[in-house]
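First comes the structure, then the notes that go with it.
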Amino acid sequence: MSGRLADLAGPAVAEALGPDSVVVQPIGAIEQHGPHLPMSVDAVIADEVASALLAAVGADVDLWLLPTLSVSRSDEHVWSPGTLSISGDTLGRVLDDLAGCVAATGARRLVFLNGHGGNSSLLTTACRDVRLAHGLLAFLVHPFVPPAAGGPSTEEESGFGIHGGLHETALFAHLRPDEVDMGMALRNVPEWMADNRWVRFGGPVQFGWTSRDFGPDGLIGDPTGATPELGRELFDEVVATLAGQVREIADFDFPDAEPNPPRV
Ligand SMILES: [Zn+2]
């Protein structure tokens, strides 16, 4: 059996979930995405991808979706009023609380499905925290591995399609065609960084940044070529990739694991 945890009656949880269950926490964001997209982009993508993932693997993986956490750490966009952000510290505590609730169901595997690149390092840390604090097997997956976390970006965007760019805009145009204003889409690629060998997104030298550091428009990338058709292709690819990842997660374990000491 698989489905959405919140749809179960309380007493049914003990029957439905167990050691083989994979629990997925989709995490989105409500943050400015430039003039052509609504602030809900990351929350919608995380939610839709999670639903499609359930449809894709629910018959053969004991997969349970938690309700999408729509607001997360978006402090790189708080210069733009309307962006909703909770601190890294608060988000870490929320995830720790939720992981404790997941552990109480008898499930052993918790997957963070991250729709917002700005959460990547925090969620990597959270995976270890959850492992130590609750003994769960914890995983982090992305619809797109963000370029800032080592994922690919398009050539047209010189590796800078990180926020409201071609792929994200296309994917959202597939999911919510009426909510994209392509008349407002503009290119904002920081060409001045393109030849950097070390200091670049996904490069060996990390750097602190906010989206305001790249000008007043709020996006970083080039969404002007985005179409719903491209978005549909990307969506299908993303779901197929995640389905493979979740199948491997369902079988993943540490064969020689010893109990960890309590967290210090
Ligand atoms: Zn986004």
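Derivation of every value follows stated rules applied to the coordinates shown; laboratory data play no part. Note that this is a predicted model, so its numbers are computed, not measured. Note: ideal-geometry Cβ built from the backbone for every residue, glycine included; neighbour counts use all protein chains shown.
Summary: within the chain, the longest segment free of chymotrypsin sites (Phe, Trp or Tyr not before Pro) located in DSSP loops with at most 16 other C-beta atoms within 10 Å is 80-197. Under 5 Å from the amide H of Arg73 lie the amide H atoms of Ile86, each residue being 5 or more positions distant or on a separate chain, with H modelled from the backbone and absent for Pro and chain starts. When the Cα convex hull of the stretch 126-210 is projected onto planes of every orientation, the mean area is 8.0 nm².
The C-alpha atoms of the chain define a longest principal axis, and helix 228-251 lies at about 30 degrees to it.
Shape call for the stretch 107-249 from the C-alpha gyration tensor, a ≥ b ≥ c root eigenvalues: rounded (a/c under 1.5), prolate (a/b greater than b/c) or oblate? Here the stretch 107-249 falls in the oblate category. Charged side chains reduced to their Cβ positions (Lys and Arg at +1, Asp and Glu at -1) give the chain a dipole of some 640 debye around its Cα centre. Helix 166-175 and the longest principal axis of the C-alpha atoms of the chain enclose an angle of approximately 60°.
Computed 3J(HN,Hα) for the stretch 82-93, one whole-Hz value per residue from the Karplus formula 6.51 cos²θ - 1.76 cosθ + 1.60 where θ = phi - 60°, is x, 4, 10, 9, 10, 5, x, 4, 5, 4, x, 5, glycine and proline marked x.
What is the percent of Cα-Cα separations in the stretch 80-165 that go past 17 Å? Could the numbers behind the result be given before it?
Numbers: 1978 of 3655 pairs.
For the stretch 80-165, the share of Cα pairs beyond 17 Å comes to 54 percent.
Taking amide H atoms as placed 1.01 Å from N in the peptide plane, the amide H of Leu65 lies under 5 Å from those of Gly3, Arg4, Leu5, Val24, each 5 or more residues away in sequence or on another chain. Taking amide hydrogens as placed 1.01 Å from N in the peptide plane, the amide H of Leu140 sits under 5 Å from those of Phe112, each at least 5 positions away in sequence or on another chain. I need the shape label for the stretch 170-264. Rule: rounded when a/c is under 1.5, else prolate if a/b > b/c, else oblate, with a, b, c from the alpha carbon gyration tensor. It comes out oblate by the Cα gyration axes. By the Kirkwood approach, averaging reciprocal distances over each pair of separate Cα atoms, the chain gets a hydrodynamic radius of 19.2 Å.
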